[in-house]
Amino acid sequence: MISAATPSRSHEDDLLDQLVPPAGPRWRRWVAWLAFVAVVILTTWAFTSGTVTPRLGDTGVSSWGGDGPVQIGVRLTNRSRVAIEIVDGPRPRPGLRLLGYTRDFETSDYVPDPFPIRLEPDADLVLTAWFAVEDCEGLARTPTDDTRIDLQVRIANGPFSALTRTRSIGTDGGVFSDPDPAAASNPAWPVVMAQYACPAR
């Protein structure tokens, strides 16, 4: 027998349902989880495939040195699924003055600002920066950890083209395999590149 002071079981159930709604149909939970997993997979794929952020492959140093002007060439391939743009190349260091850039092993007619340079998917590029050596002593003070060459890259079209990314190309010895003894003590690429333009340091 239910007294007036004791709430009925159905009243308690109604109150519990208001505070903690019962779980919906199981298929809705499966759909929500599948949608979440799909978003994670698509986001990961967009970044790793180069659809959202540019990817470079086959990078390395293609040429370097000289007795003046000096050069540093970098080789790269667009590994993104979409076209990308190179918006800035190797920049000068103290003691160097940038003359300009050439493409694909050209050795004259430096272009001061050839950017942006568009690369279609799987397209190759050799970009060479040319410098005048103006201060060998300043170059000799380049930090020894300056061994990476930075490029500024972005997706060519669409909303993600507003985001510029830095892509670094490591020299890691590279073609700098036989520097003279003076340059061997400092593996920074500006020092090694200018070793023959500054033979006395």
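Report, by residue number, each residue of the stretch 48-80 that is exposed (fewer than 15 other Cβ atoms within 10 Å of the Cβ) and part of a loop (DSSP other than H, G, I, E, B).
S49, D67, G68 - these are the residues of the stretch 48-80 that are exposed (fewer than 15 other Cβ atoms within 10 Å of the Cβ) and part of a loop (DSSP other than H, G, I, E, B).
Quick test for you: out of D109, D113, pick the one residue that is part of a loop (DSSP other than H, G, I, E, B) and over 24 Å from T164 (Cα atoms).
After applying the criteria, what remains is D109.
I'd like to know if the stretch 158-166 contains one or more residues that are more than 20 Å from P190 (Cα to Cα), surrounded by fewer than 16 Cβ atoms within 10 Å (Cβ to Cβ) and out of contact with any strand residue (DSSP E or B) (no Cβ under 9 Å at 6 or more places or on another chain).
Yes.
Condition first: aliphatic (A, V, I, L, M), more than 19 Å from the chain's Cα centre (by Cα) and surrounded by 20 or more Cβ atoms within 10 Å (Cβ to Cβ). Now tell me which residues in the stretch 86-100 satisfy that.
L96, the sole residue that qualifies.
Matching residues to (1) among the hydroxyl-bearing types (S, T, Y); (2) touching a His at 6+ places or on another chain (Cβ under 6 Å); (3) closer than 25 Å to P199 by Cβ:
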| residue | (1), (2), (3) |
| --- | --- |
| R91 | no, no, yes |
| S108 | yes, no, yes |
| P112 | no, no, no |
| E120 | no, no, no |
| A123 | no, no, no |
| T128 | yes, no, yes |
| F131 | no, no, yes |
| C136 | no, no, yes |
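Kindly indicate which of D172, D145 is assigned to a loop (DSSP other than H, G, I, E, B) and modelled with pLDDT under 80.
D172
Going through the stretch 101-117 one residue at a time, which ones are surrounded by 13 or more Cβ atoms within 10 Å (Cβ to Cβ) and within 19 Å of I169 (Cβ to Cβ)?
Passing the criteria: Y101, T102, R103, P114, F115, P116, I117.
The values are calculated or read from the model by the stated rules, or taken from the named source; none is laboratory data. Model, not experiment: these values are computed from the prediction. Cβ sites come from the backbone with ideal geometry, for glycine too, and all protein chains shown count toward neighbours.
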